[in-house]
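First comes the structure, then the notes that go with it.
The values are calculated or read from the model by the stated rules, or taken from the named source; none is laboratory data. Since this is a predicted model, take the numbers as computed values, not measurements. We place every Cβ from the backbone using ideal geometry, glycine too, and count neighbours over all the protein chains shown. Calculation scope for accessible area: heavy atoms of the full protein, side chains included, ligands and nucleic acids excluded. Shrake-Rupley method; radii C 1.70, N 1.55, O 1.52, S 1.80 Å.
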Amino acid sequence: MISLSCLISCCTQNRIELALELAEENRPELERVLEHFSDDSARLAAAKFLIGNMPGKITLDTTSVSSSQPFFDAFSDYRMKHGGLGITGLYDMLDSVKSSIGEPTISPSYLLDVKTLSSEFLIGHIDKAVDEWSRTKSKNEVSFDEFCRFVLPYRIYESWWKGANSYFRDKYAGMVTGCANRFEASEIIKSDVSAWFRQDGTFFRENSFLSPTTFYNTVKTGAGVCYDYNAVLASALRSVGIPAAIDMVPYWGNSNARHFWTEIVGAPVKGIYDNTQMDFRSPDDELINDTFWFKDGIIDDTIGIPSNVKLRKCRTVPKIYRLGYDIQGKSLAMVAGEDIPSIFRNPAIEDITANLVECKAVSVKIVENTTHRRFAYLCCYDPDSHWWTPVAWGRIKGGKVKFADVGVNILYMAAYYKDGDMIPFSSPFILQSNGELRYLDANPDKSIEATLFSKVPLRTSVAFYAMVMRGDRIMFANRCDLSDTTTIFKISEIPYYTQEITIHDSPPARYMVYKTDSFPIKFVAELEFIGETEDGRDTVWAGTPFGNPCYSMSPTSFAFDGDRLTYAYIDKVDFPEDFIALDLGQPRKIKKIRYCPRNDDNAIIPGNQYELFYWDDGWKSLGRKAGEDNRRLHYDNVPDGALLWLHNHTHGKENRPFTIENGIQVWW
């Protein structure tokens, strides 16, 4: 069977006729649109653009996901009743509906737009869109080409709602009246959408039966994943004539997952991102959307963090694609003629990397093309699968493959695609800023020693949560009004995960107090007060928490629950108490105190079982070891030059690849 992409490719000069042929019984509807606008050049051009780029466009069949509709009705009703979803609205309604009808099974199916769109809808949509463009084009300087590509399309992704444009136009047209230009108007709309739309990727990932759903449900519920948020935002912008596009990083170069954001077409480029680490000091530093791990605080110094541990401040960007409506003749979907990864099957994605990121061309030799493929792929590391995910493609020619416009300072792997899998054919390599490839070839004949501190880099957010503990004090008291508190220890350095201090000659005390300095919020993951039982065994004294009640979702008790991943969020904005405390019930002798900031639990944990892997035509084990008491892990049999990753078999799954350079873990 000939694929649709092949049909489109063969008919690039006459895609309108192809659309009409593919429409079959719906052909008269599309012809009626063209005839209706035959005397209006602008509207006819708009109609030809929509119809000519319609082949291949599919839309979710609402009946195929109808079993999940009661959940979205409940979410929407909750929003209407409460004026929003709040913190627990989604979860409360999910449990309520589940208890009534159970968890549905959905089998999504899709319909071809050319076979289902009515002339009435298309004519009305084109009329309103052209009217809006005509009304605002001089003020916003939107060309007709920009209008067709980034305002006119009736859809953002594979689910659309015919009432979307009218809904958003009614909501936002008056709000942006009087704005000087598209950029000022877009900020107003973005601020409003961000206020009412709830991005909750965790919720929708954990409840996969809720996806996909209709765009109507997404809008009325006001909740979804990152892509849903941007579909809503782009639709809102387009409804008032602002050209908007959704851009995508297919996978971060040094983090997991892909990322989407909405770009106002024509917005000035602030600078070219070179994928190096820097502090966030103002919005002008963020050259690519959401590249920074954390924007709420600067780490002024790293005193307390081991010198071998370097902060990871920014995400790196290998490629950027624009998700459009119009078919890109040079897209892989149009030229491949062979099975390709799903990310490249959309013929309307446009490579815009060079506009925003410092790029180099990459050429990789192919020793033997055993798969007989015409195309190969450049991949980034996927920590969920411990394998490689494609981010760029290139044509195989003359015993090598060339990848154009690739982001620098990133770890890559070259691979084929076959039967749904990526098959690496090169050694992993770093594309350096000068364009040279630094291959990571493990040398098993030359071993080096490695001391490991973590299985992922220390991100700025984690360091910040620890940094704000500086200046806080741990105090003991015996009077219930705490009038006799005595400072036992003051935190003077950034605590690197769990810290332990020994207490000498302190008299027994009943109340253990964590007193905060002037910073308005604090995060304490663990406080443990350790003494001895009558038979001489160490024990963590239990007690009753009191003091600042903390944020409701992260209460005071979380500082004393023995779980490093939960934390007490000390909220001094809404509550006057500047401390949290533990009532031991009676005076106790304390010999040691452990304290831990809010963290990701990725440091080496004493007693946990770890396994170190290196790449040599696949991941190979260097053996299992237990985390040492000094919160380090030591290996003396690491192949020189190897790419490594570390797995914690006891708990947790986060990981990132790294190299050992001058004895330090360098993360990729």
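Can you tell me which residue is nearest to Tyr216 (Cα to Cα) among those in segment 134-143 that are open to solvent by 20 Å² or more (accessible area, probe 1.4 Å) and of a type in the set (Ser, Thr, Tyr)?
Taking segment 134-143 first, the residues open to solvent by 20 Å² or more (accessible area, probe 1.4 Å) are 134-135, 137-139, 141, 143.
Next cut, of a type in the set (Ser, Thr, Tyr) only: 134, 138, 143.
On the way: Ser134: 27, Ser138: 32, Ser143: 30 Å.
Among them, the one singled out is Ser134.
Which one of these is hydroxyl-bearing (Ser, Thr, Tyr), part of a helix (DSSP H, G or I), modelled with pLDDT under 95 and farther than 19 Å from Leu323 by Cβ: Ser99, Ser134, Ser66? Reasoning before the result, please.
Details: Ser99 fails: modelled with pLDDT under 95; Ser66 fails: modelled with pLDDT under 95.
Being hydroxyl-bearing (Ser, Thr, Tyr), part of a helix (DSSP H, G or I), modelled with pLDDT under 95 and farther than 19 Å from Leu323 by Cβ holds for just one of Ser99, Ser134, Ser66, which is Ser134.
So, of the residues in segment 411-462 that are of a type in the set (Val, Ile, Thr) and farther than 19 Å from Arg312 by Cβ, which turns out to be most open to solvent (accessible area, probe 1.4 Å)? Before you say what the answer is, go through the steps one by one.
Going residue by residue through segment 411-462, those that are of a type in the set (Val, Ile, Thr) are 423, 430, 448, 451, 456, 460, 462.
If we keep only those that are farther than 19 Å from Arg312 by Cβ as well, we get 423, 448.
Numbers: Ile423: 62, Ile448: 41 Å².
It comes out as Ile423.
Tell me which residues, restricted to segment 191-216, are assigned to a loop (DSSP other than H, G, I, E, B), farther than 19 Å from Ala234 by Cα and touching a residue at least 60 places away in the same chain (Cβ under 8 Å).
Of the residues in segment 191-216, the ones assigned to a loop (DSSP other than H, G, I, E, B) are 197, 200, 207, 211-214.
Those left that are additionally farther than 19 Å from Ala234 by Cα: 207, 211.
Across segment 191-216, the qualifying residue is only Asn207.
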Checklist entry - Hey, does segment 141-148 have a residue that's assigned to a loop (DSSP other than H, G, I, E, B) and farther than 15 Å from Pro243 by Cα? => result no
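Just checking, does segment 269-284 include any residue being closer than 30 Å to Ser134 by Cα and outside any helix (DSSP H, G or I)?
Step one: filter segment 269-284 for residues closer than 30 Å to Ser134 by Cα, giving 269-270.
If we keep only those that are outside any helix (DSSP H, G or I) as well, we get 269-270.
Yes, there is a match, as at least one residue in segment 269-284 is closer than 30 Å to Ser134 by Cα and outside any helix (DSSP H, G or I).
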All-but-one check, Val513 against (1) buried (at least 19 other Cβ atoms within 10 Å of the Cβ); (2) closer than 30 Å to Gly652 by Cα, failing number (2)
Taking segment 395-410 and keeping residues of a type outside the set (Lys, Arg), open to solvent by 10 Å² or more (accessible area, probe 1.4 Å) and more than 21 Å from Leu287 (Cβ to Cβ) leaves Ile396, Gly398, Gly399
Turns out the strands (runs of 3 or more DSSP E) fully within segment 384-469 with at least 2 residues that are over 30 Å from Tyr567 (Cβ atoms) and within 26 Å of the chain's Cα centre (by Cα) are 387-397, 400-407, 410-418, 421-424, 429-431
Checked segment 357-383 for anything outside any strand (DSSP E or B), open to solvent by 20 Å² or more (accessible area, probe 1.4 Å) and touching a residue at least 60 places away in the same chain (Cβ under 8 Å); matches are Glu358
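When you scan segment 491-549 for strands (runs of 3 or more DSSP E) that lie fully inside it, which ones turn up with 1 or more residues that are more than 18 Å from Phe579 (Cβ to Cβ)? I'd like the intermediate steps shown before the answer.
On the way: elements: 499-502, 509-515, 521-532, 538-540, 544-547.
Those strands (runs of 3 or more DSSP E) span 499-502, 521-532, 538-540.
Name the one entry in Glu25, Glu17 that is of a type outside the set (Val, Ile, Thr) and under 19 Å from Tyr110 (Cα atoms).
On the way: Glu17 fails: under 19 Å from Tyr110 (Cα atoms).
Within the list Glu25, Glu17, the selection yields Glu25.
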Log entry, pairs with first residue in segment 519-544 being closer than 21 Å to Tyr567 by Cα and among the basic types (Lys, Arg), second being open to solvent by less than 60 Å² (accessible area, probe 1.4 Å) and assigned to a strand (DSSP E or B), beta carbons closer than 6 Å, six or more apart or on different chains, reads Lys522/Ile570
Per the filter on segment 625-666, residues within 25 Å of the chain's Cα centre (by Cα), surrounded by 17 or more Cβ atoms within 10 Å (Cβ to Cβ) and in a strand (DSSP E or B) are Leu644, Trp645, Leu646, His647, Asn648, Phe658, Thr659, Gln665
**Asked** Regarding Tyr227, is this residue over 18 Å from the mean Cα position of the chain (by Cα) and part of a helix (DSSP H, G or I)?
**Response** no
Those residues of segment 617-657 which are basic (Lys, Arg) and without any contact (Cβ under 8 Å) to a residue 40 or more places away in the chain amount to Lys620, Arg624, Lys625
Pairs returned, first residue in segment 22-44 that is within 19 Å of Lys128 (Cα to Cα), second residue that is of a type in the set (Phe, Trp, Tyr) and in a helix (DSSP H, G or I), beta-carbon separation under 8 angstrom, 6 or more apart or interchain, are Ala42/Phe144
Filter segment 520-555 for residues that are surrounded by fewer than 19 Cβ atoms within 10 Å (Cβ to Cβ) and aliphatic (A, V, I, L, M); the one that is modelled with the lowest pLDDT is Met553
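Is it the case that segment 246-262 has a residue that's under 22 Å from Ser166 (Cβ atoms), touching a residue at least 12 places away in the same chain (Cβ under 8 Å) and open to solvent by 10 Å² or more (accessible area, probe 1.4 Å)? Lay out the reasoning, then the answer.
Taking segment 246-262 first, the residues under 22 Å from Ser166 (Cβ atoms) are 246, 262.
Okay, now just the ones that are also touching a residue at least 12 places away in the same chain (Cβ under 8 Å), so 246, 262.
Going one step further and asking which of them are open to solvent by 10 Å² or more (accessible area, probe 1.4 Å), we end up with 262.
Checking segment 246-262: at least one residue is under 22 Å from Ser166 (Cβ atoms), touching a residue at least 12 places away in the same chain (Cβ under 8 Å) and open to solvent by 10 Å² or more (accessible area, probe 1.4 Å).
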Those residues of segment 556-610 which are open to solvent by 30 Å² or more (accessible area, probe 1.4 Å), assigned to a strand (DSSP E or B) and under 11 Å from Ala525 (Cα atoms) amount to Tyr569, Arg594
One residue is enough: does segment 81-90 have a residue meeting the conditions in contact with a Cys (Cβ under 8 Å, 6 or more places away or on another chain), of a type outside the set (Phe, Trp, Tyr) and modelled with pLDDT of 95 or more? no
Log entry, pairs with first residue in segment 70-83 being touching a residue at least 40 places away in the same chain (Cβ under 8 Å), second being outside any helix (DSSP H, G or I) and open to solvent by less than 30 Å² (accessible area, probe 1.4 Å), beta carbons closer than 6 Å, six or more apart or on different chains, reads Arg79/Leu85; Arg79/Gly222
Residues of segment 104-133 being touching a helix residue (DSSP H, G or I) at 6+ places or on another chain (Cβ under 6 Å), over 30 Å from Leu18 (Cβ atoms) and surrounded by fewer than 14 Cβ atoms within 10 Å (Cβ to Cβ), in sequence order, are none
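Evaluate the following for Ser282: is it under 30 Å from Arg238 (Cα atoms) and free of Cβ contacts under 8 Å to residues at least 24 places away in the same chain?
Working: under 30 Å from Arg238 (Cα atoms): yes; free of Cβ contacts under 8 Å to residues at least 24 places away in the same chain: yes.
Yes: the conditions hold for Ser282.
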Those residues of segment 342-351 that are open to solvent by less than 10 Å² (accessible area, probe 1.4 Å) and either assigned to a loop (DSSP other than H, G, I, E, B) or of a type in the set (A, V, I, L, M) (or both) come to a total of 1
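Working carefully through the options Leu22, Leu30, Leu50, Leu34, find the one that is at pLDDT 95 or above and touching a Ser or Thr at 6+ places or on another chain (Cβ under 8 Å). Talk me through it step by step, then tell me what you get.
Values: Leu22 fails: touching a Ser or Thr at 6+ places or on another chain (Cβ under 8 Å); Leu50 fails: touching a Ser or Thr at 6+ places or on another chain (Cβ under 8 Å); Leu34 fails: touching a Ser or Thr at 6+ places or on another chain (Cβ under 8 Å).
Just a single option satisfies the conditions, and that option is Leu30.
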Scanning segment 144-194 residue by residue, those more than 30 Å from Ser109 (Cα to Cα) and either surrounded by 22 or more Cβ atoms within 10 Å (Cβ to Cβ) or β-branched (Val, Ile, Thr) (or both) turn out to be Phe147, Val176, Thr177, Arg182, Ala185, Ser186, Ile188, Ile189
Selection over segment 314-341 where residues are over 23 Å from Glu263 (Cβ atoms) and either of a type in the set (Val, Ile, Thr) or open to solvent by 20 Å² or more (accessible area, probe 1.4 Å) (or both) yields a count of 5
Given (1) over 30 Å from Tyr172 (Cβ atoms); (2) touching a helix residue (DSSP H, G or I) at 6+ places or on another chain (Cβ under 9 Å); (3) assigned to a loop (DSSP other than H, G, I, E, B), Gly253 misses just (2)
